[in-house]
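Asks: Here it is, the structure in full.
The values are calculated or read from the model by the stated rules, or taken from the named source; none is laboratory data. Owing to the predicted nature of the structure, the values given are computational and were not obtained by experimental measurement. With ideal geometry, Cβ positions are generated from the backbone for all residues, glycine too; neighbour counts draw on all protein chains shown. What goes into the accessible areas is simple: the full protein's heavy atoms, side chains included, and nothing from ligands, DNA or RNA. Shrake-Rupley method; radii C 1.70, N 1.55, O 1.52, S 1.80 Å.
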Amino acid sequence: EDIESIGTQAFNNALNFSFTNFETLTNLKVIGQYSFANLNTQAIDLSKLPNCVEEIGIAAFRNSVATNAQIRFPANLKTIGNQAFYNETRTNVEDIDFTHYPSTTLNSNMLYNLCFNCDLIVPEGTVEIGSYFNYNGCFHNIEFPTTLKTIGANAFGCLSSYTASDFYLKTITFKTTTPPSMNKNSFTAAHVSNGLKIYVPDEAVNTYKSLSALSSFVNCIYPISEKV
């Protein structure tokens, strides 16, 4: 119970890993890089990471996110690395709570291949969404804050082998009148035939429709006043 740090690759590839209860580690501050990677197990409950944790390292839980997992960020978390919850196989996940997310950047590859049964409300104050953030994954609806400046390449893209039927993204809402910088692959045109609607501030509809990054979605863009 007194342990404060779990080191780099401590349990990486430990396929018979059976530890289930993070809650007892009331002094834990650091979860190191790749420390619980490649476990291929239901052993880790990501909804109960202790609030004392201040650092989650790069790829700490890579390939170890269980089906129907719930992801919660510790209240005292200060840093989180890229690929923290990256999965090489597409996995259906229940939800994620960004209340205690510690950064103004949603890190690259963080939720790669995770398909969430919930909405993504990007917290106000977020400035950047990294490349491949939720690549090959999905949310029901996505809402971006007024503070957002950049959405990286393939942040919400998908492999060309997947079709619209593989995804359930219904709406995207931009709250900022000045569109964030986006790559043409930040999103994917595969969502179009899935009935996708993109809502933007009423006074910025033409601005968003003129963006080359959204050229595949021009007929999907609507004023936010029409959002039900």
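Asks: Pop out the ³J(HN,Hα) list for segment 126-139 in order, Karplus 6.51 cos²θ - 1.76 cosθ + 1.60 with θ = phi - 60°, rounded to Hz; leave Gly and Pro as x.
Replies: Residue by residue, segment 126-139 yields 5, 9, 9, 10, x, 4, 6, 3, 10, 4, 6, x, 5, 10 Hz.
Asks: Okay, next question. Could you tally the net charge around residue 187, taking each other residue with its Cβ under 14 Å from the Cβ of residue 187, Lys/Arg +1 and Asp/Glu -1?
Replies: Result for the local shell: +3.
Asks: If you build a Gaussian network model of the chain, linking Cα atoms that sit under 10 Å apart, which residue out of 115, 158, 52 swings the most?
Replies: Of 115, 158, 52, the most mobile in the Gaussian network model is 52.
Asks: I want the local charge near residue 215. Using Cβ-Cβ distances under 11 Å, sum +1 for each Lys or Arg and -1 for each Asp or Glu among the other residues.
Replies: For residues surrounding residue 215, the net value is +2.
Asks: Here is a further query. Place a +1 charge on the Cβ of each Lys and Arg in the chain and a -1 charge on the Cβ of each Asp and Glu, then give the dipole magnitude about the Cα centre in debye, rounded to the nearest 20.
Replies: 660 debye
Asks: Over the Cα atoms of segment 1-86, what radius of gyration and what Dmax do you get, in Å?
Replies: 11.4, 30
Asks: Apply the Debye scattering formula to segment 108-149, with a single equal point scatterer on each alpha-carbon and no solvent, then give log10 I(q)/I(0) at q = 0.18, 0.27, 0.29, 0.30 Å⁻¹.
Replies: -0.51, -1.01, -1.07, -1.09
Asks: Provide the descending list of Cα extents for segment 43-153 along its principal axes, expressed in whole angstroms.
Replies: Per principal axis, max minus min of the Cα coordinates gives 38, 30, 21 Å.
Asks: Here's something else I'd like to know. Hey, can you find the accessible area per residue of the chain for me, probe 1.4 Å, expressed in square angstrom?
Replies: Counting only protein heavy atoms, the per-residue value for the chain is 45 Å².
Asks: Please report, as a whole percent, how much of the solvent-accessible surface of the chain comes from carbon and sulfur atoms (probe radius 1.4 Å).
Replies: Carbon with sulfur: 44 percent of the solvent-accessible area.
Asks: Which far-off residues, 5 or more places away or on another chain, put their amide H under 5 Å from the one on residue 199, with H placed in the peptide plane?
Replies: 172, 173, 174, 222
Asks: Let me ask you something else. What is segment 49-206's relative contact order, in percent, from Cα pairs under 8 angstrom and six or more apart in sequence?
Replies: So the answer I get is 16 percent.
Asks: Looking only at 210, 47, 103, which one moves most when the chain is put into a Gaussian network model with springs between Cα atoms under 10 Å?
Replies: 210
Asks: Can you tell me the equivalent ellipsoid semi-axes for segment 1-45? Use √(5λ) from the Cα gyration tensor, largest first, whole Å.
Replies: Ellipsoid semi-axes (Å, largest first): 18, 13, 7.
Asks: Measure off 7 Å from each Cα along the Cα-to-Cβ vector at residue 27 and residue 226, then give the distance between these two points in nanometres to one decimal.
Replies: In this crude label model, residue 27 to residue 226 measures out at 6.0 nm.
Asks: Among 153, 14, 66, which one shows the biggest mean-square fluctuation in a GNM of the chain, springs joining Cα atoms closer than 10 Å?
Replies: In the Gaussian network model the winner is 14.
Asks: Based only on the alpha carbon positions, what is the Kirkwood hydrodynamic radius of segment 53-102, in angstrom?
Replies: Result for segment 53-102 stands at 11.3 Å.
Asks: Then there is this: Specify the inter-centroid distance of segment 1-72 and segment 197-225, based on alpha-carbon positions, in whole Å.
Replies: 41 Å
Asks: Give the dimensionless ratio obtained when the Cα radius of gyration of segment 169-226 is divided by 2.2 N^0.38 Å.
Replies: 1.00
Asks: Under the rule of -39500 (n - 2.57) per DSSP H run of 4 or more residues, summed and divided by the residues of the chain, what mean residue ellipticity at 222 nm is obtained, to the nearest 500 deg cm²/dmol?
Replies: That comes out to -500 deg cm²/dmol.
Asks: For the chain, build the charge dipole from Cβ charges (+1 Lys, Arg; -1 Asp, Glu) around the Cα centre, then report which of 68, 32, 10 sits farthest towards its positive end.
Replies: It is 68, whose Cα lies furthest towards the positive end.
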